[in-house]
Structures are given as C-alpha cells and as structure tokens.
1. Answer with yes or no whether L146 is modelled with pLDDT of 95 or more, in contact with a Leu (Cβ under 6 Å, 6 or more places away or on another chain) and either closer than 29 Å to A66 by Cβ or not in a helix (DSSP H, G or I) (or both).
2. Which of the following residues is closer than 16 Å to I87 by Cβ and of a type in the set (G, A, S): A163, A153, A211, A116?
3. Here is a list of conditions, (1) more than 19 Å from N37 (Cα to Cα); (2) assigned to a helix (DSSP H, G or I); (3) open to solvent by less than 30 Å² (accessible area, probe 1.4 Å), and S190 meets all of them except one; can you say which number that is?
4. Test of understanding: among V149, V179, V168, which residue is open to solvent by 10 Å² or more (accessible area, probe 1.4 Å), under 10 Å from A63 (Cα atoms) and not acidic (D, E)?
5. I need every pair where a residue in segment 157-179 that is under 15 Å from V147 (Cα atoms) has its Cβ under 7 Å from the Cβ of a residue that is in a helix (DSSP H, G or I) and among the acidic types (D, E), sequence separation at least 6 or different chains.
6. Determine which member of the set S6, S57 is of a type in the set (S, T, Y), at pLDDT below 95 and open to solvent by less than 70 Å² (accessible area, probe 1.4 Å).
7. Out of all the residues in segment 118-138, which are crowded, with 23+ Cβ neighbours inside 10 Å and among the polar types (S, T, N, Q)?
8. Report whether or not G97 is in contact with an Asp or Glu (Cβ under 8 Å, 6 or more places away or on another chain) and either farther than 29 Å from K215 by Cα or open to solvent by less than 20 Å² (accessible area, probe 1.4 Å) (or both).
Amino acid sequence: MRKIISGLVSILIAGMAFSTVAHAGNEAQAHIGHVMNSWNGTPSEQGLLPTAMKEASIAAAHADYAAKATDNLAEMKLHASHVRHAIDTALEAGGPGIGYGLLKAADGASEHITFASKSSDASEAVKTHTVHVVSSLNNAIARSRLVLVEAQAIYDATTASEAAPHAVKMAELTQASIVGVDDNRDGKISWHEGEGGLNTADQHMAFILDAEGMKR
C-alpha cells in the first residue's frame, strides 16, 4: 500500500511539474497571440497588429481621396478628419475607422512583442525578429505622427492651393506607413530604421509564428 501511495504521489508531483513547465512555456506565445490573434478591447478582439493594419488601410484610402481633391478645400478637410480618426481616435472621435486607432494598436503591438522577447521561454527566433518587428512598427508610428502634422496643416489652410501640398504629402506618408520606404535605394525595403512599415512588421511576425508553430 505504501508503495502504491508513494507511486501516486510521485505521479502527482511529476504532473504538477509538467503543468508548471507547460504553463511557463506559453508565456512568449501568449504575447505573440496578443499581437497577431486576439487582444481584449480591439474591435472584434482581433490582434493588435491586424488592428493597426486595418486602421492604416482606412487612413491611406482617405488620404488618397484628399490628394485627388486638391481643388476642393472642404473635401480635403473632410478626409483629413477621417485620416485623423483612423490614426488617433483621441484627436477625432468620429469617422470611418474601426474606432481603435493606428497609433494605439501599433504601440500595443510593439509592447507585447517586446514582452514576448523578454519572457523566460522566448526562443532565439522570437528575440531576433522582435528587433525587426519593433523597428518596423516604430517607422510606421513615426510616419503616422507626421501624417497628423499634415492633416493639421490642411485644417489650418484657408485655400485649396494652400492645403493641396499637405494633402499630397499626407497620402504619401500614410502609404509609407504601410509599405515602407526604400530609404537607402538598394532595391528592397528592410526592417531597418527609416525603411520598413506595417507590412514589414507583419512579415517578421509571420517568421515568428512559423518558428513557434503558431497560426494566425
């Protein structure tokens, strides 16, 4: 009987140890999931990076509308407000965006992938590609802040001719926040500072998902 009880205790202890290890082993992947799959508070609780990309797409579409209406001040101002809403809902409460804001989503994605890389169970792939993801997100965030400067200039303009160059620049920057810029003119867009955007961040998150055996 003592042998049986001893054996059961050993099994229970081993099971507890396995459970603890398994739980600890999910820490990095949990944060990766917040970036790519689901985060509480986003529309439909989707991942932070997909949320940022959706808001960026809306911002880019309306910036393009403004750039195509450079002879119409009212139209440019309308679409500038839509761009502002998609980038930062604190600046513009209403609009065609999904209601979360590119900046908030991109900041959150950067924060959570950094959490993942600093987790005790983070793999080398997670640590390596986190640098690439964060750099690309920082590029997108910086460009989006410049978009807001251009949108404000459109708001402040009193004539269409005054607003027009800002509308064109706003469209250029919103597109760059998504696809990035070949800053060093080597024929490709990398994750380095001044180059990659949200698409590059998504590409390197895909590398992480693949290395971790995770799905979107």
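The values are calculated or read from the model by the stated rules, or taken from the named source; none is laboratory data. What you are looking at is a predicted structure, and each value in this text was computed from that prediction instead of being measured. Reconstructed Cβ throughout: ideal geometry from the backbone, glycine too, with neighbour counts over all protein chains shown. Each accessible area value is taken on the protein alone, full model and side chains, heavy atoms only, with ligands, DNA and RNA left out. Shrake-Rupley method; radii C 1.70, N 1.55, O 1.52, S 1.80 Å.
1. Answer is yes for this residue.
2. So the residue among A163, A153, A211, A116 that is closer than 16 Å to I87 by Cβ and of a type in the set (G, A, S) is A153.
3. (2)
4. Going through V149, V179, V168 in turn, the sole match is V168.
5. Filtered contacts from segment 157-179: H166/E150; K169/E150; M170/E150; A171/D64; L173/E150.
6. S6
7. Passing the criteria: T130, S136.
8. Taking the combined requirement at face value, the residue satisfies it.
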